[in-house]
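Q: I am attaching a structure below and will ask some questions about it afterwards.
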Amino acid sequence: MTEISPAEELSNLVRYMATNLIGSDENVEVVAEQRGAVVQINLRVPEGEMGKVIGKEGRIARAMRTIVTISSARFNLHARLEIDG
């Protein structure tokens, strides 16, 4: 059994959250890059779906970032989540 890298596991987590918010996996693009103890995760969704991912007053985006931060702490890493449309 092969181990999944922390960056890939965090990427899968972000993809899971985004696809459940949008309802489709087709247009969700997640790229995670690890540099030392920092994982940069970029989430790209269609412009028309940004409202579902950002949420009212940015609450959903903030919650997603909190979940990613807590999950990355399991690996002794710091993660940053950027959301683009």
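The values are calculated or read from the model by the stated rules, or taken from the named source; none is laboratory data. Since this is a predicted model, take the numbers as computed values, not measurements. Positions of Cβ are backbone-derived with ideal geometry, glycine not excepted, and every protein chain shown enters the neighbour counts.
Q: Residue check: is Ile22 at pLDDT below 95, within 16 Å of Asp84 (Cα to Cα), of a type in the set (A, V, I, L, M, F, W, C) and surrounded by 15 or more Cβ atoms within 10 Å (Cβ to Cβ)? Please lay out each step first, then the result.
A: Working: at pLDDT below 95: yes; within 16 Å of Asp84 (Cα to Cα): yes; of a type in the set (A, V, I, L, M, F, W, C): yes; surrounded by 15 or more Cβ atoms within 10 Å (Cβ to Cβ): yes.
Criteria met by Ile22.
Q: I would also like to ask the following. Which residues, taken from the stretch 1-16, are of a type in the set (Asp, Glu) and either exposed (fewer than 13 other Cβ atoms within 10 Å of the Cβ) or assigned to a loop (DSSP other than H, G, I, E, B) (or both)?
A: To start, the set of residues in the stretch 1-16 that are of a type in the set (Asp, Glu) comprises 3, 8-9.
Correct list: Glu3 only.
Q: Can you find, within the stretch 25-39, the residue that is nearest to the chain's Cα centre (by Cα) among those that are surrounded by fewer than 15 Cβ atoms within 10 Å (Cβ to Cβ) and closer than 17 Å to Pro6 by Cβ?
A: Val31
Q: Counting just the residues of the stretch 53-84 that are farther than 15 Å from Ala7 by Cα and surrounded by 14 or more Cβ atoms within 10 Å (Cβ to Cβ), which one comes out farthest from the chain's Cα centre (by Cα)?
A: Taking the candidates together, the pick is Gly55.
Q: Also, quick follow-up: Just checking, how many residues over the stretch 28-42 are out of contact with any Ser or Thr (no Cβ under 7 Å at 6 or more places or on another chain), touching a residue at least 12 places away in the same chain (Cβ under 8 Å) and outside any strand (DSSP E or B)?
A: Result for the stretch 28-42: 1.
The rows are residues; the columns are (1) touching a Gly at 6+ places or on another chain (Cβ under 8 Å); (2) touching a residue at least 12 places away in the same chain (Cβ under 8 Å).
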{"position": "Asn20", "(1), (2)": "no, no"}
{"position": "Glu26", "(1), (2)": "no, no"}
{"position": "Arg44", "(1), (2)": "yes, yes"}
{"position": "Met50", "(1), (2)": "yes, yes"}
{"position": "Glu57", "(1), (2)": "no, no"}
{"position": "Ser71", "(1), (2)": "no, yes"}
